[in-house]
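One structure below.
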Amino acid sequence: MRILNQIIAVCSINLKSLPQRFWLSFSTVVAVAMVVTVLLGFLALAAGFKRTLDGTGSDTIAILLRDGSQQEVNSVVMLDQIRLIGEAPGIVRKPDGNPLISGELYVIVDGVKRSTGLKANLPLRGIGKDGAALRDDLTITQGRMFEPGSNEIVVGEGLVREFAGFDLGSEVRLGTGTWKVVGVFSMKGSVFESELWGDAAVVQSLFRRGSSFQTVRVRLESPEAIDQLRDYVAGEPRLKLEVFSEKGYFAGQSSNTVKLIQNAGWPLAIAMALGALAGALNTMYSSVASRAREIATLRCLGFGGFPSFVATLLESLVLAGIGGVIGSMGIFLFFDGFSTSTLGQGFTQIVFSVSLTPALVKQGIILALLVGLIGGFFPALRAARVPIVTAYSQG
Amino acid sequence: MTALISIQGGAKRFVKGRETITIFDHLDMTIEAGDFIAIMGPSGSGKTTLLNLLGGIDRATAGSITFAGQRLDQMSEGQLSAWRAANVGFIFQFYNLMPALNAARNVELPLLLTSLGGGERKRRVETALQIVGLAERAKHFPREMSGGQQQRVAIARAIVADPKMLLCDEPTGDLDRKTADEILSMLQLLNKEMGKTIIMVTHDPEAARYANRVLHLDKGRFVEQVAA
Ligand SMILES: Nc1ncnc2c1ncn2[C@@H]1O[C@H](COP(=O)(O)OP(=O)(O)OP(=O)(O)O)[C@@H](O)[C@H]1O
Ligand SMILES: [Mg+2]
């Protein structure tokens, strides 16, 4: 009880006298806030990216790529292979008996960013007649779907937001042809919203792709039917293809990019945290120096060194904690909900939103408190060891 | 009268590099309970150093210090802290109040080291502030008070836990004559009415006159003068 009284008294003396050390304390708060902002910026970017890609994908849609190609851009699938896949078991058939299947290809075109006016790569996807039926959550929000065989495209909402010149009714020159934007679609924020879609056959001819595709989509009768499809593909030597569920495909794509962002974010945040730590140590040593006479006076009165240790550590944790909170609020104000785009797989722009979650904020605050803990510990040791005769020093 | 505190064969040396500075050596002194002693002497003669030894905030290089039968020189740091809290009130030249605390909170500090409850602490703080004539200033902060008032708060803090001995280093060194006389009268009253043993270091012969005995410390030796 007595030690508790002492600790409470010394902590309160210490915190009440913080305004006398305002600027130095403030600099520590700012440094820690900056560390937390940078860290959370990266983590929120990674989380937003993951959410965009994870939100994508159905488990009754299968995607087939050339074996070992990993990404769509590296994959090639020929027309006769698509016919073979159409005969596989487990695939949903339309009333006319034909399978629900779409051969797709993917070319890179240029777009101009609204924000910077700079050129960036965009994916133009050629999809088959059933392409739209092979996408869940697809809604045409403006205009209509393109007519098969025509130079018409529909564009994703995210893309329209970020890139200039793709508004409904615009004519755009892509590759060797001119295209007309006849519709805008949304897909619950999925990665497809960063794409342009046209008819596969027209894309093939205008981009001289012959009769080659890059991916094949099929609708499965059930999530389990994917095993039947896999067995069929494995047993057919002409199909050297890999089968993914759409969901699994995008999850795999996201984890690489998420790792990349996190791997860049943490080292930078830790480097900055070391800088903030040096600042915190400096601040807290100064704090101990400026309080030395008070601490020594308390020792004269019979107080132990431990309460001064605790109070110094607490001061450091409070400053760092405030920095952590300001840092998270800062990023919340600047970034959360903001839409941004980044270089996705295959060098195309993926539009996604930054998302800040309580779990991320917790990581930021923990880093801040760690800076406070280490930055306060050694000065706190010094506080506990202030020579008692310091009480006689002037000022 | 019985001896309250005594130093036998006391020595204090500081080692600076290869040099050893001896402040005093073979110093003997006995202070009776209820006495009011003034220690005078030239600057650097070791008055503060001696007071620190008697107050248990510094250790002698040699010799024994005995307080009411207890050997301070044989106590651990923790024991010394507890001993100071129970037996010594410190009064400093620059008051050494906590700027962040009001007068009452400053005075209460030594009581936080006792087992007294909040109500009893409050009562004792009020009494101590009354004794120094600052009851109505309880809520004021040090920066809102004059030097003399701050020193009176410091005296209230020194007596609140009812220690036997008060150690004062230049308690009026920073005050004008009139205020100094008020403070010194108050110390004299505490000595006469409450039986506090007071050891006061001062440069001021006027201040020394309030004491019963004046010791002159010079070149490590005492020269005693009985007050007029
Ligand atoms: N920690 C220390 N290290 C080295 N020398 C010290 C130390 N503390 C005090 N001294 C020396 O001891 C001598 C006595 O100091 P002390 O403060 O006791 O003198 P004083 O009589 O109180 O002087 P004043 O009247 O100026 O307050 C001085 O010469 C001082 O320089
Ligand atoms: Mg002195």
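The values are calculated or read from the model by the stated rules, or taken from the named source; none is laboratory data. Remember, predicted model here, so these are calculated numbers, not experimental data. Every residue, glycine among them, receives a Cβ derived from its backbone with ideal geometry; neighbour counts consider all protein chains shown. All accessible areas refer to the heavy atoms of the entire protein, side chains included, with ligands and DNA or RNA removed. Shrake-Rupley method; radii C 1.70, N 1.55, O 1.52, S 1.80 Å.
Under the combined filter of DSSP loop state and at most 15 neighbouring Cβ atoms within 10 Å, the stretch B:18-115 retains these trypsin sites (Lys or Arg not before Pro): B:Arg18, B:Arg59. Peptide B:88-100 is shielded by partner chain Cβ atoms: per residue, an average of 5 of them sit within 10 Å of its Cβ. State whether the stretch B:122-176 is rounded, prolate or oblate according to the following rule on the C-alpha gyration tensor (a ≥ b ≥ c being the square roots of its eigenvalues): a/c under 1.5 gives rounded; otherwise a/b larger than b/c gives prolate, and the remaining case gives oblate. It is oblate, given that a/c is not under 1.5 and a/b is not larger than b/c. The relative contact order of the stretch A:144-272 comes to 20 percent, based on Cα pairs under 8 Å that sit 6 or more residues apart. Computed from the Cβ-Cβ distance with R0 of 35 Å, the FRET efficiency linking B:Thr30 to A:Ser286 stands at 0.20. The residues neighbouring B:Glu120, those whose beta-carbon lies less than 15 Å from its own, together hold a net charge of +2 under the Lys/Arg +1, Asp/Glu -1 convention. With 0.36 nm allotted per residue and the present C-alpha distance subtracted, the A:Glu87-A:Lys188 stretch has 33.2 nm of extension available. Using only the alpha-carbon atoms, how far is helix A:246-301 inclined from the longest principal axis of chain A? Give it as 0 to 90 degrees, nearest 10. Approximately 10 degrees, to the nearest ten. One quarter of the convex hull surface built on the alpha carbon atoms of the stretch A:80-233 amounts to 9.5 nm², the projected area averaged over directions. In the complete set of protein chains, residue-level accessible area for A:Ile366 is approximately 100 Å², probe 1.4 angstrom.
In the context of the full protein assembly, A:Leu373 retains an accessible surface of approximately 80 Å², using a probe radius of 1.4 Å and ignoring ligands and nucleic acids. When Rg and the Kirkwood Rh are both derived from Cα coordinates, the Rg/Rh ratio for the stretch B:27-101 amounts to 0.97.
Each listed q (0.10, 0.14 Å⁻¹) maps to a log10 I(q)/I(0) for the stretch B:3-227 from the Debye sum over equal C-alpha point scatterers, namely -0.45, -0.88. Of all DSSP bridge pairs formed entirely within the protein assembly as shown, close to 70 percent run antiparallel.
The lysine pair tally for chain A, using Cα distances under 27 Å and a gap of 8 or more places or different chains, is 25. Summing charges over all other residues whose Cβ lies under 12 Å from the Cβ of A:Leu64, with Lys and Arg as +1 and Asp and Glu as -1, gives -2. When DSSP beta bridges are restricted to pairs lying wholly in the stretch B:3-227, around 60% turn out antiparallel. Against chain B, whose longest principal axis comes from its Cα atoms, helix B:118-131 is set at around 70 degrees.
Rounded to the nearest 5, the antiparallel percentage of DSSP beta bridges internal to the stretch A:68-239 is 75%.
Just want to confirm a number: the relative contact order over the stretch A:68-239, from Cα pairs under 8 angstrom separated by 6+ residues, in percent.
Computed over the stretch A:68-239, the figure is 32 percent.
With only Cα atoms counted, the stretch B:13-147 has Rg and Dmax values of 18.3, 55 Å.
Counting, for every residue in A:5-13, the Cβ atoms of other protein chains within 10 Å of its Cβ and taking the mean gives 4. Note on B:His26: accessible area approximately 130 square angstrom, rounded to 10, probe 1.4 Å, nucleic acids and ligands left out.
Split the accessible area of the stretch A:68-239 by element, probe 1.4 Å, and carbon with sulfur accounts for 50%.
The stretch between A:Ser170 and A:Leu15, if pulled fully straight at 0.36 nm per residue, gains 49.5 nm over its current Cα-Cα span.
Radius of gyration over Kirkwood radius for the stretch A:204-268, both on Cα atoms: the Rg/Rh ratio is 1.15.
Scaled to the globular estimate 2.2 N^0.38 Å, the Cα spread of the protein assembly as shown, given as radius of gyration, is 1.62. Bridgeable lysines around B:Lys196 (alpha carbons under 30 Å apart, same-chain partners fewer than 8 residues away excluded): B:Lys12, B:Lys47, B:Lys122, B:Lys139, B:Lys164, B:Lys178, B:Lys219. Across chain A, C-alpha contacts under 8 Å between residues 6 or more apart give a mean separation that, scaled by the residue count, equals a relative contact order of 29 percent. A Förster radius of 45 Å, combined with the Cβ-Cβ distance separating B:Gln130 from A:Gln394, puts the computed FRET efficiency at roughly 0.90. Model label sites at B:Lys139 and B:Val223, defined 7 Å from Cα along the beta-carbon direction, differ in position by 5.4 nm.
Give, as a single signed number, the net charge of other residues whose beta carbon lies under 11 Å from the beta carbon of A:Gly175, with Lys and Arg counted +1 and Asp and Glu -1.
Combined, the nearby Lys, Arg, Asp and Glu give +2.
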